[in-house]
Structures are given as C-alpha cells and as structure tokens.
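Participant: One structure, as structure tokens, below. Some questions next.
Nothing in this text is a laboratory measurement; each read-out follows from the coordinates by a stated rule. The structure presented is a predicted model; accordingly, all values stated were derived computationally and were not measured. Note: ideal-geometry Cβ built from the backbone for every residue, glycine included; neighbour counts use all protein chains shown.
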Amino acid sequence: MRHEARECAFKLVFETLFQEPVEETSVEVVAALKKEQDKEFCKQIFDTYLAHKAELEELVSANLQKFELSRVYKIDLALVYVALCEIKYLDTPKAVAINEALEISKKYSTSKSNKFLNGVISAIADKN
C-alpha cells in the first residue's frame with residue numbers, strides 16, 4: 001500500500017514550507033519506510049514537488065477563495081501539494097489522491113480541513 005509513502009512525502013514537503021530540505025532529516029524519514037517500493041514512491045513524489053514547486057504555488061494561489069497562500073494552514077498546504085503532484089505529474093486518479101490527502105489530514109490536521117482540501121484539490125484537478 002502506498003499510504004505510508006504518501007505520508008512520508010507529506011512530511012518532507014511540510015518540512016520545506018519552513019526551510020529548505022535538510023538532507024539528514026529527509027534520509028531519516030524515508031529510511032523509516034519498510035518497503036523499497038514505498039521509499040521510491042515517496043522520493044518520486046518529493047522530487048516531483050521540488051521540480052514543480054513554483055508552478056504548484058501559482059496553481060494553488062490562483063484557486064484559493066478568500067485566502068492568500070501565506071494564510072493557508074501549512075499542513076493543509078503540504079497535503080494539497082502532494083495530491084497535486086500525484087494528479088498532475090504521476091497520473092494518480094484524482095479520487096485516490098484526494099482520498100489519501102483526506103486520510104492523512106485526519107491524523108495531522110483539523111476537522112475543518114476536509115472541506116478545504118477537497119475543494120481546492122478538486123478545483124485545480126478539474127481545470128488541468
């Protein structure tokens with residue numbers, strides 16, 4: 001199952017929202033995954049995020065209603081970025097990416113995040 005790999009990628013993306021990726025931390029987070037294919041998938045999502053970070057920021061910013069990017073809860077922002085990486089660049093079905101973001105948000109975010117995540121991810125995925 002790729003859930004653990006997505007959660008790993010989420011943690012790495014979240015970290016970059018506060019500072020540039022720290023190699024030692026990234027290695028530890030990825031090393032915690034047990035399956036080699038999960039490690040590869042996590043790295044693939046994270047590398048995709050780093051390669052398309054500016055474009056993703058623009059997409060999210062353009063699709064926020066009544067919010068500025070700087071005011072979005074960082075956990076939710078990281079989840080949006082991971083889901084969009086999968087949908088736009090890794091050919092993950094929209095429903096799968098959204099469901100995974102919602103599942104991870106139950107563990108790390110607020111109860112109000114589901115509506116925000118679903119709305120933003122769906123709006124962007126439907127346009128692209």
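Participant: Tell me, yes or no, whether the stretch 62-74 has at least one residue that is under 24 Å from residue 91 (Cα atoms) and touching an Asp or Glu at 6+ places or on another chain (Cβ under 9 Å).
Facilitator: no
Participant: Going through the stretch 36-75 one residue at a time, which ones are of a type in the set (A, V, I, L, M, F, W, C) and over 18 Å from residue 14 (Cα atoms)?
Facilitator: Across the stretch 36-75, the qualifying residues are 62, 64, 67.
Participant: So, one more: Give the stretch 92-107 a look and list any residue that's over 14 Å from residue 81 (Cβ atoms) and not acidic (Asp, Glu), or say none. Spell out how you get there, then give the answer.
Facilitator: First, the residues of the stretch 92-107 that are over 14 Å from residue 81 (Cβ atoms): 93-96, 99, 102-103, 106-107.
Selection gives 93, 94, 95, 96, 99, 102, 106, 107.
Participant: Could you check how many residues of the stretch 51-73 are within 18 Å of residue 85 (Cβ to Cβ) and surrounded by fewer than 13 Cβ atoms within 10 Å (Cβ to Cβ)?
Facilitator: Summing the residues that are within 18 Å of residue 85 (Cβ to Cβ) and surrounded by fewer than 13 Cβ atoms within 10 Å (Cβ to Cβ) in the stretch 51-73 gives 6.
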